[in-house]
Amino acid sequence: MVIFMNKYEVLKKYFGYDGFREGQEILIDAILNGQDVLGIMPTGAGKSICYQVPALLLPGITLVVSPLISLMKDQVQALNQAGIHAAYINSSLTENQIAKALQFASAGRYKIIYVAPERLETHMFLEFAGSVQISMLTVDEAHCISQWGQDFRPSYLKIVQFICNLKHRPVLSAFTATATENVKEDIVCVLGLQKPRILVTGFDRKNLYFAVETPRRKDAFVMEYIKAHTGESGIIYCATRKNVDTLYEKLRNERVGAARYHAGLNSEERKVSQEDFIYDKCPVMIATNAFGMGIDKSNVRYVIHYNMPQSLENYYQEAGRAGRDGGQAECILLYSAQDVVINRFLLDSKEQNQEFTQEELKAIRERDEERLRTMSYYCMSKNCLREYVLRYFGEYGSGSCGNCGNCKSEFEVTDVTEAAKKIIFCVREVRGRYGINVVAGTLSGSDRAKLQEYGVSSYASYGSLNEMTETGIKQIIHQMLLDGILEVTKDKYALLRSSVLSEEVTEGNRKVMLREKRRSPFEETKSHAKHTGSMSSSRKRASDILNSRGLELFEHLRKLRTEIAKEESVPPYIIFSDKTLTDMCVKVPFNRGEMLCVNGVGENKFERYGARFLLAIDEFTGGEKEKYSFGD
Ligand code: ADP
Ligand code: ZN
């Protein structure tokens, strides 16, 4: 047990961190004061620390209810590595193993016990819970208790009964990354949180670089990207199983160490792929969105979306699996107009829940269409991508983050107000009968059979922008949609209408500016690569703060980490994160004191691995620190 330690000492000793991140301390203090808490934080923000630190400071046991077996195992491994006694109770254990674990737990061996919700009701567990002191009950992925949420789990309702059955009500702490109001209210209400301290931290993930690229050949882009990031771990999400398989074959043929994951593989195949990825045997994972829930791998350096996802919610969650260790990581979406077609097809073929009425189904369909549209606008936006996402989630950024594909690109800005006026005129003239394709065709004066069928040549607008291509006109329409000057109907036909703002344009009080990318950072990198013979992204990577000699040391230490991970049968990132290794290369520690100053090296980890890493650093540098300054 941790006696006479404060929260800072616990953070340093066990986790090796020097300070708390935004929001962590507020929740920890509340818990230690006996107040219930609800923490709403994005993936990677550091929710675990919020209950693990107080768990060590409270007198009794902390129970953590968690929905995913793989996640529990990962968390317990990480805690054990940090020198904290923890265990998990779920269906992956035999009854005998569970009995044994509970016996140890009753004897006070564990401070933290992870438990699957369906275990709470079992006789064995109830008996155990009645005989020990439970100081806190933590509900991880708390949105699972809400029927409004995407992943409602009926077994989560068992938590409520369980708490009622306890002799003493423990402090309750609940955590989730889902921020919608309905879900929040449900969690407080269903769990019965008492005067909870609710904390919602910002959804911005500063270490993630966001970009949208429109390469002519996506597979060539992916290949080149992977080669330029050899040795780094990354996920490539595809919309369909077929896409996954095709890309997988291609990469395999090029000898890229790739694993794949989708619902068409059997559970054994999926398990093997997942482990190959987690244990860094295969650095690249190609998968459908079936992959990722419960994956805690912290050193994912990039997430590429081969196809546009169906919503910004999905995108932010999937992309957010990059850079959980806080190190620099990249989220790149490869967009093509075809993606919208694929997604609409997926929406059309979505299985319909028979319990809904026609009206409800219509509302759901409209919501899905709306989400898809928000996602496509993200892909077409020429302004700060981070700002776009944050606004969607109800926050305001600084307007320009300086660390996204758009903020880093050079744009050519053209005044297209005159063309915009003609577009507005046309949209009004056709009285909301048509979508973007017919409107653009009409304005350009196209003689496509379909348009003739509609009789569009009788409109005054017909051909009024015939000096422009249809693509050019569509670009301006997209800009006007983004600016809110035009709108589309919510159904799948997406018929164009003008908004109130359109009057400002027609009356000459508002300009429409078109921003076209002159050069994306990727193209710049490529031309740079031709000159220098090495292609690396223009954005900062975890290891970018190191010079070439520093990178060699990083590789050296990474090999050592892989070796130790094999010996201990745990994923490498559980030994030390990429960020910790990078910090070692910057600080070049030669003794215990210096090593303990490295971010992520706590006392227990030092006892276990410190000597081997010190030795490796000593060997590499020949013991002469002054000559080695590895940071740039
Ligand atoms: P979440 O559950 O919110 O997705 P995690 O709890 O997995 O996030 O934390 C993400 C990463 O951030 C982990 O590698 C964790 O060790 C690290 N981390 C958490 N808190 C801190 C901190 N105060 N200082 C440095 N790193 C931290
Ligand atoms: Zn930006």
(request) At a Cα cut-off below 16 Å, give the aspartates and glutamates reachable from K605, other chains included and same-chain residues fewer than 8 away excluded. (result) E9, D18, E563, E567, E568, D578, D583, E594
(request) Please report the relative contact order for the chain, taking Cα pairs under 8 Å with a sequence separation of at least 6, and give it as a percent rounded to a whole number. (result) 13
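Fully extended, how many nm does the chain gain between C189 and M5 (0.36 nm per residue separation, minus their Cα-Cα distance)?
Working: separation 184, 0.36 × 184 = 66.24 nm, distance 3.43 nm.
That pair, C189 and M5, stretches by 62.8 nm at full extension.
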(message) How tilted is helix 548-568 with respect to the longest principal axis of the chain? Cα atoms for both, answer in degrees (0 to 90, nearest 10).
(response) 60
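Would you mind counting up the charge near V53? Only other residues with Cβ under 13 Å from its Cβ, with Lys and Arg at +1 and Asp and Glu at -1. Don't skip to the end; give the middle numbers.
Numbers: positive: K7, K12, K13, R21, K47, K111; negative: E9, E25, D29.
Overall, the nearby charge balance is +3.
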(message) Please give the Cα centre distance for the range 355-431 versus the range 301-350, rounded to the nearest Å.
(response) 16
(request) Report, to the nearest 10°, how far helix 358-380 tilts away from the longest principal axis of the Cα atoms in the chain, using its own Cα long axis and a range of 0 to 90°. (result) 90
(message) What do you get for the angle between helix 578-587 and the principal long axis of the chain? Use alpha-carbon atoms, 0 to 90 degrees, nearest ten.
(response) 70
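Which net charge results when you count Lys and Arg as +1 and Asp and Glu as -1 among the other residues whose beta-carbon is under 13 Å from that of Y237?
Details: positive: K218, R241, R260, R321; negative: E318, D339.
Net local charge, Y237 excluded: +2.
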(message) Counting only pairs 8 or more residues apart or on different chains, how many lysine pairs in the range 2-200 have their Cα atoms under 26 Å apart?
(response) 29
(message) Going Cα to Cα from K517, which lysines come in below 22 Å? Please leave out same-chain ones fewer than 8 positions away.
(response) K218, K382, K408, K474, K526, K530, K540
(message) Out of the total accessible area of the chain (probe 1.4 Å, heavy atoms of protein only), what percent is carbon and sulfur?
(response) 49
(message) If I model a spin label at V341 and K517 as a point 7 Å from the Cα along the Cα→Cβ vector, what separation in nanometres do I get?
(response) 2.1
(message) Quick check for you: with a 1.4 Å probe and neighbouring chains kept, what is the accessible area per residue of the chain, in Å²?
(response) 46
(message) For a quick check of understanding: with a 1.4 angstrom probe and all protein chains in place, what accessible area in square angstrom does S298 have, to the nearest ten?
(response) 20
(request) Among the lysines, select those whose C-alpha is under 18 Å from the C-alpha of K362, and discard any that sit fewer than 8 residues away in the same chain. (result) K350, K490, K492
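For the chain, what is the mean residue ellipticity at 222 nm derived from helices alone (per DSSP H run of n ≥ 4: -39500 (n - 2.57); sum divided by total residues; nearest 500 deg cm²/dmol)? Walk me through the intermediate numbers first.
Working: 26 runs with 275 residues, N = 632.
Helices in the chain give a 222 nm mean residue ellipticity of -13000 deg cm²/dmol.
The values are calculated or read from the model by the stated rules, or taken from the named source; none is laboratory data. It should be emphasised that the depicted structure is a prediction, and the values quoted were computed from it without experimental measurement. So basically every Cβ, Gly included, is an ideal-geometry build from the backbone, and we count neighbours across all protein chains shown. Each accessible area value is taken on the protein alone, full model and side chains, heavy atoms only, with ligands, DNA and RNA left out. Shrake-Rupley method; radii C 1.70, N 1.55, O 1.52, S 1.80 Å.
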